[in-house]
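All of the numbers you see were taken from the coordinates with simple rules; none came from a lab. A quick note: this is a predicted structure, and the numbers were derived from the prediction, not measured. Here the Cβ is made from the backbone with ideal geometry for all residues, glycine too, and neighbour counts use every protein chain on show.
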Amino acid sequence: MRVRAFPAPRKPINHARATIAPAMLIDDLKAFLAVAKTGSFSRAALRLRIAQSSLSKRVQRLEQHFGTALLHRHGRGVSLTDAGTVLVARAGRLVHEIEDIEHDVRGIMSEPEGTVRMAMPPATGPALAPLVFRQCLVEYPRIIPQLRESTSAAIHEWLSSGEVDLALIHNPEQGPDFEVQPLVAEPLYLIVPGGSRGDAYPDPCGIDDLAHLPLILPRSPHSIRVLVERLCAGNGIQPNIRYESDSIRSTKGIVALGLGCTVFSRSALADELAQGQLRAIRFTSALLNWKLCLAHARRDNLPLAVSSLKRIILQQVGELFRQGFWPGGRDLRHQHER
């Protein structure tokens, strides 16, 4: 009698560590990021336009893949576990990178396309952003620019976390992870009330005068606040900061009422200066200036859509400079090429 040999039983599959196909993993990561950002499965499902049950399965599949919980579920929604916090920090940039690759590969045989996230400070955005959007619409209608506006400190955080692709920053921190291209060096002025109320201020103004003038400055780490405090410390004095205001629009009104003075550029205050509501007094020190730069993550090849929008920004900065938008400023764009 012949004895039939049966194959050895297979080891049971550990479903908690099962491999997920790459495409499925990216979709699951997108689902998880949406839940993490909204703090709710229902809100994330509405944003992604999928059923909540399908969304829940994607997140559960991701948790099975990593073998750990990524979210705490509770009555108020969800919150991140320690593992979820790590995944959010890394996955957002990964998903955006993959989307960039898809757009670039498809764009080889066609025109640049995709969403490009950019950030600008309020001193520059209102003048520059409309020009960038208009040229982008004409030359690259398949590119969708997204604009965020805030202080340079906030913009630097967005750039570091991968939330923006291109960033216009004043006096940015240098680092190996970013490529920084100087655009314009612009002098800063003592901004005082217009009319007779401004006659009480020294003209020109020295750094030592900042020890007794009633200053209205943004909070640290705003680039102007950091600059003023650094220069004052170098002269052995403390700036006399009467009020703190992070809003240049509010600061303009406070100064115009005669409640103090501030330090800012003329470009962002052109209308108020022309109307006589404010007056700009030059400083005796050339050190009171700030440098507008264009920054992005350092990489061998920028995505096609990002590099296209970067070129538009550089062109429109040059156009604004030729129009005199930065009075007394220096064009630094070509220094990067030397």
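Observations on the model:
- Listed residue (Val226, Pro121, Pro187) projecting farthest to the positive dipole end of the chain, Cβ model: Pro121
- Between Arg90 and Ala233, the modelled labels are 3.6 nm apart [label points 7 Å from Cα along Cα→Cβ].
- Protection proxy ranking, peptides 210-218, 268-276, average beta carbon neighbours within 10 Å, highest first: 210-218, 268-276
- Extended-chain gain in nm, criterion 0.36 nm per residue less alpha-carbon gap, Asn240 and Arg282: 13.3 nm
- Debye log10 I(q)/I(0) at q = 0.10 Å⁻¹ for the stretch 222-338, Cα point scatterers: -0.44
- Two-decimal log10 I(q)/I(0) for the chain, as the Debye equation yields it once each C-alpha is a single scatterer, q = 0.11, 0.15 Å⁻¹: -0.86, -1.20
- Near the amide H of Cys205, within less than 5 Å, lie the amide hydrogens of Arg282, Phe283, Thr284, all on another chain or at least 5 residues away, with H placed in the peptide plane.
- Per residue of the chain, the DSSP helices (runs of n ≥ 4 H) give a summed -39500 (n - 2.57) that works out to -13000 deg cm²/dmol at 222 nm.
- Over the stretch 31-75, relative contact order from alpha-carbon pairs under 8 Å, at least 6 apart, %: 30
- Of all beta bridges that DSSP places with both ends in the chain, some 65 percent have antiparallel geometry.
- Helix 304-322 and the longest principal axis of the C-alpha atoms of the chain enclose an angle of approximately 10°.
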